[in-house]
Amino acid sequence: MVIDMFGTNQQFNLERLPFTAAGAFLSIYQDLNDKQLYLNVCRGKSAILDRPNLIRIALTQEGALLPFIYSCTASRLTLSSAQGMVEFTYEADPSVMRVRSTGPALDFQFRFDPSESGCVLPSGDVELCFQRIGKIGFSCISGTMSENLSDEPCRIQIKPEPESKVAELAIMEYDSVCVRNAPYAAFDTVAAEKQAEFDRFCENYGSVPLPYKAMAEKAMYMVWHSYLGPRGSLYEPLVYMHKLYMNRAFGWQQVFHAIAMKKNTREAWRLLLAFFDYQNDIGGIPDHVSDLGQVTFLTTKPPIQGYGVVQILDGFDLSALTASDYQCMYDKLSRYVDWWFIYHDHARTGYPAFYHPDESGYDESTAYNRGLPVISPDLLAYTVFNCEACARLAGRLGDGEKEEYWFRRAHYVLDYLIQTLWDGEQFLEYLPREKTFYKCGSIVQLQPIMLGKRLPEEIRSTLVKRLTDPEEYMTDYGVASEHLKSDKVVMRAFTRGAVIAPTELFLIKGMRDAGYETEARELCVRYLNALLHQGLALGIHPYRVEPALGNEIAREASAMSVGHPFSSWVGSVFLLLAEDLALEDSLCD
Amino acid sequence: MMMPANALDLRTVVFSNRYARLMLLDLSAQGEPPSLCISVSRDDPTGVRRNLIRFAPTWGGEAIAYQYEAVPGLLTIHTEHGTMEICFESEDDVLRFRSTNGLGAAFFIEFFMHELFVDRLDGSVEVGFTSMGEFLFEVIKGRQSHDNTWIGPKMCATPTTILWTPEAGEMEGYLFWNTEYVEKKNLTDFSVCVAENQQRFARWLRMLPPPVYGFEDIWRQAGYLVWISELRPLWRLKEAALYMSRCGEDQRASAWLQSFGAMAFRRDQTLAFDLLFSFFALQDPSGTVPGTADDRRIDYAVPKSPVQGLALLWMMDRIGAEAVDAAQCRRLYAPLCRWVAWWKEYRFGSNGLAYHNHAGETLFDTASMFCGVPLQTPDLQTFLILCMEACGHLAERLGDPEAARLHLAEADALTEKLLALLWDGEGFVSMAADGRKQIETAPVPACIPILLGKRLPQEITEKLAERLEVSRTPFTDGAPCAAAELLFTIGLLRCGKTAPARKAAKRWLDRCLREGIPSGAEEQGPGSAAALGGIVFFILSDLLNDLPEE
């Protein structure tokens, strides 16, 4: 049975994520402020969609707006009014959205910017041409279509046949020309096929405990529908963070998506490798990419690909992987690791440094308050995993010399982390410019717990004790990203106190690997329950009032706040943690 | 604003190099002290960032007043304490600075959120801008310092000054720009570098049509404008291409400009054909040739009128059909045929005429003609006929007379349709693509069929020529339009009206001499001089050199 996931009368609605499908640039969402539904295209000048309210969707009856409620499954969005229903789905070709009305007329309202226009093609289809966004075509399958493309606002209206009261429409998104070779299949057939496509995607994941099942489905939907490409400068299918907010594919996020797909090793491996398609001639990879050539090498993202490789080697069925897969990963990953050592260590310290906070993924963390470059404990932890991954890949390929070389490098970095950056309570930042160490309240300085038993027991126990202390970092919803008594806690920010997905994952898995299963489980359950109630948002604000400053936090201040839009990234973290919990439970059983 | 004929005014045209994207421009208004800034010809979603890095010479660590003198290959800064020289290193995006009299340099930078400043602690500093790429700053002689700090909560660097201080009176340093990563550069001797740049420019000028007597200075100005407009391949821009402008809204390559550029460079077949081919390299699987492109964004949604055929015919005519390199013909033939096929497949109405869907697809400002209906315009048919004709000539050159015959028959058929459906007895008109309505046609597209030359009946060419003679400035709003002037002059020539063609070409050159190459910078802002003016200047110079005076 297909159950509604989002809607007017559901726990979560389309203000937090769009109705869309894997591979589709078209999506429909509800504006947080005016509560209207809008059709848009996942393309724009910047990472936050600059024209999300591209085309307003309304239902009408004899010219008057009809109120409606809506609900959606993975494959069908249904708008219900007193005069009937309007439904949306996607064809197997995700560039085509199908619409069916059984009663109301449909009104699409929009405005053109200068140099944009629309026209009625000789076929009768209406073509709208937007700058940067591309073209949107409206093709009336049944009913009547009328348009006004010169007034402000412009309109396209679809009216049902008078007798059948049915109208059907195809909305297409394309770059230059729309080529349609096949007749339109029946709406319900198309919707059923789309549902089946989603159901097949869900087979990539393992089972989750019952209380998390409904949210797991939403998480899978979030990940599935965030896939885009190949198209333009997206060389392969990648997972966008969100099709409206941060509408880009980010490098390190593909790793989270990969390691959550426990039932599909090939897809996991492909996702791990996908960003290396952009690897430049000195081994670097970009921070994020889009189909419009918005490939950013200004910074990169945390190098956790090695961490991902280790997770897959340790926890996946490897029978689907071949020597060629290992070789390909080794070649690319080793170049990337070398890039960090060479091109992020101009000061010749021997260890890679962050040159920009964005490279840590924790953009406004207090770890970088003293400037850059900075040798940071989280980066060194990632580097240990990277070197270890290269070693293990070399081992699988039978190259003992390289295996030993890379294990040596892993130990070299680990030794520095333990011997030099550990001060007895936490790890420190090292500032090569001043040749000083820097201590702060950022979770970054405790995150090396992710190294598990690679760390000595006294370090592990100190870290776990502090992470689980409600006077320090532990909240009802998970571990905060900044020490709770820090005067720099700003809950509205991403990494200055909010509970955030990537950190929770590293800490939970790290504590488990460190032998602290009970603490790991406790943290996991707190975080999963928080997501259950607050949705798959990037950051959860664990308090109404900022502990240090006393400011009240507006939880959903805007659609841009870290606590509001769902994120595919968080979806994968949710799935991964829930799957691990289920596995743990089954082992206990 | 017209570019003054005898000066390299960096308020209008940038100081740069062939193939480079790095540039210096002057943001001051007329009468104000200069305000030089360093920027990059790259699209930025936050807007055109001309003032990416402000520059000033310094004395004792303080910015001082200056004037500048710019010639191709060298920019000299004059102050009361001496001079500083600035040049590009080879054809790279490396800008070099040198002073020998105690002058230093200061670079002022304001950052947006998430942008980058890092002192690499190896003597170099890396500066990065969202969408614009990265810079490396390093001094070779002297000292480099800066006052940068990071504001954590704002995820932003403070406004920063990078200071270059001389040692023993000498200072030499450079900026290197790249999209992905920046590393230290090994540089040639500064003086040698300047000399080589100037030699490169001189070699470039020799590739152009020679100047018409009396127009040498303006010819050099045009040469510089076009020289800096050719940018090297970068990522999605697979071939070197002419940008419409180095700065402003038009800092992109357009398909039609490559065609006109090919016409200007017909003396260098390699360069000409490379330009003509540059947009075919971006042709998508459906056959669409994009209208505009830069290194990141390729616009397939608004393909431009197919002027490639006109350019090819012009080149073959002036080079001599048999002298055209067969390999180049082979390279162009298939993509040009696909381009023609695209129009036939996707943009032909049931009446056998082609249509534009959107106003942006046309070469001229004809937006008012489009009222939500696709339009069959006389200029579009003209350009397509010429493409078909060009396919025929290419086929002939490649030794396939049967294919040549078919292409030429196609051209003939479309010419007949044009005359039957879009000639109303007095002039050419446009029609809605459904064939039901004639649309009032702007003057420019209405006269473009003169390019068909002797394909048209004489009475029609006479009427068109008369209309052109009467109208001194054919562009709809009265401003000169370089492209229109070019096309009409060529059209007159193709009709056998040599004297009027000569007169039109001379009129254009005289106007450039009087007022400078039309740049469009006044409308588009500093540094946005359009390459088109220079290109048209060269094509018409070429034509004038070949047409005897009566």
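Key figures
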{"item": "Where labels lie 7 Å past Cα in the beta-carbon direction, separation of B:Ser191 and B:Glu32 in nm", "result": "3.8"}
{"item": "Three-way shape call for segment B:388-544 based on the alpha-carbon gyration tensor, with the a/c threshold at 1.5", "result": "prolate"}
{"item": "Residue-averaged 222 nm ellipticity for chain A, from DSSP H runs of 4+ at -39500 (n - 2.57), nearest 500", "result": "-10500 deg cm²/dmol"}
{"item": "Loop-resident sites, segment B:1-80, for GluC sites (Glu not before Pro), counting at most 13 other Cβ within 10 Å (DSSP)", "result": "B:Glu80"}
{"item": "Debye log10 I(q)/I(0) at q = 0.10, 0.13 Å⁻¹ for segment A:245-403, Cα point scatterers", "result": "-0.35, -0.60"}
{"item": "Relative contact order (percent, whole number), chain B, Cα cutoff 8 Å, 6+ residue spacing", "result": "14"}
{"item": "Ratio of Rg to Rh over chain B (Cα coordinates, Kirkwood Rh, two decimals)", "result": "1.02"}
{"item": "Average beta-carbon neighbours from other chains, 10 Å sphere, peptide B:337-348", "result": "1"}
{"item": "Degrees separating the helix B:531-546 axis from the principal Cα axis of chain B, which is the longest one", "result": "60"}
{"item": "Helical contribution to [θ] at 222 nm, DSSP H n ≥ 4, -39,500 (n - 2.57), averaged over chain B, rounded to 500", "result": "-11500 deg cm²/dmol"}
{"item": "Hypothetical label at A:Asn280: residues of segment A:354-379 whose amide nitrogen lies under 16 Å (7 Å Cα-Cβ projection)", "result": "A:355-356, A:359"}
{"item": "All-pairs alpha carbon distance profile, segment B:22-196, 5 Å steps from 0, percent", "result": "1, 8, 17, 22, 22, 16, 9, 3, 1, 0"}
{"item": "Contour excess over end-to-end distance, with Cα ends at A:Asn33 and A:Lys435 and 0.36 nm allotted per residue", "result": "139.8 nm"}
{"item": "FRET efficiency for A:Ala64 and B:Lys344, using Cβ-Cβ distance with R0 set to 41 Å, rounded to 0.05", "result": "0.35"}
{"item": "For segment A:160-299: Kirkwood Rh in Å [reciprocal of mean 1/r, alpha carbons]", "result": "17.7"}
{"item": "Where a label projected 7 Å from the Cα of A:Cys202 along Cα→Cβ would reach, residues of segment A:5-31 with amide N under 17 Å", "result": "A:5-7, A:20-22"}
{"item": "Neighbour-count order for A:Lys485, A:Lys435, A:Lys159, fewest beta carbons within 10 angstrom listed first", "result": "A:Lys435, A:Lys485, A:Lys159"}
{"item": "Anisotropy class of segment A:6-193 from Cα gyration tensor, a/c 1.5 cut", "result": "rounded"}
{"item": "Relative counts (whole %) of C-alpha pair distances in the protein assembly as shown, using bins that are 10 Å wide", "result": "2, 9, 17, 20, 19, 17, 11, 5, 1, 0, 0"}
{"item": "Test item: A:6-16 mean partner chain Cβ contacts at 10 Å", "result": "0"}
{"item": "Exposure proxy ranking, count of Cβ atoms within 10 Å, fewest first, for B:Glu89, B:Glu322, B:Glu389, B:Glu396", "result": "B:Glu322, B:Glu396, B:Glu89, B:Glu389"}
{"item": "Relative contact order (%) - chain A, alpha-carbon pairs under 8 angstrom, separation at least six", "result": "11"}
{"item": "Residue-span extension gain [A:Lys465 to A:Tyr543] - 0.36 nm each, minus C-alpha spacing", "result": "25.9 nm"}
{"item": "At 1.002 mPa s and 20 °C, Stokes diffusion of chain A via Kirkwood alpha-carbon radius, µm² per second", "result": "85"}
{"item": "DSSP-loop GluC sites (Glu not before Pro) across segment A:62-99, with at most 16 other Cβ within 10 angstrom", "result": "A:Glu62"}
{"item": "Near-label residues of segment A:128-155 by backbone N, under 16 Å of a point 7 Å along Cα→Cβ of A:Asp93", "result": "A:135-141"}
{"item": "Projected label distance in nm at B:Asp268 and B:Glu170, using a 7 Å step from Cα toward the beta-carbon", "result": "3.5"}
{"item": "Residue order, fewest to most surrounding Cβ atoms within 10 angstrom, among B:Thr498, A:Thr78", "result": "B:Thr498, A:Thr78"}
{"item": "Cα gyration tensor shape of segment B:1-114, rounded if a/c is under 1.5, else prolate or oblate by comparing a/b with b/c", "result": "rounded"}
{"item": "Theoretical FRET efficiency, 1/(1+(r/R0)^6), r = Cβ-Cβ of B:Tyr213 and B:Thr46, R0 35 Å, to 0.05", "result": "0.15"}
{"item": "Nearest 10 degrees, 0 to 90: helix B:190-207 Cα axis against chain B principal axis", "result": "10"}
{"item": "Nearest 10 degrees, 0 to 90: helix A:377-396 Cα axis against chain A principal axis", "result": "90"}
{"item": "Simple spin-label estimate for A:Arg231 and B:Ala420 in nanometres, 7 Å along Cα-Cβ", "result": "4.2"}
{"item": "Shielding by partners, peptide B:155-168 (average Cβ within 10 angstrom, other chains)", "result": "1"}
{"item": "At R0 = 22 Å, FRET efficiency that the Cβ-Cβ distance of B:Leu406 and B:Glu459 yields, to 0.05", "result": "0.15"}
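Any read-out appearing in this document is the output of simple, stated calculations on the displayed coordinates, not a laboratory observation. Worth saying up front: this structure is predicted, and the values here are computed from it rather than measured. Quick reminder, even Gly has a Cβ in these numbers, built from the backbone with ideal geometry, and neighbours come from all protein chains shown.
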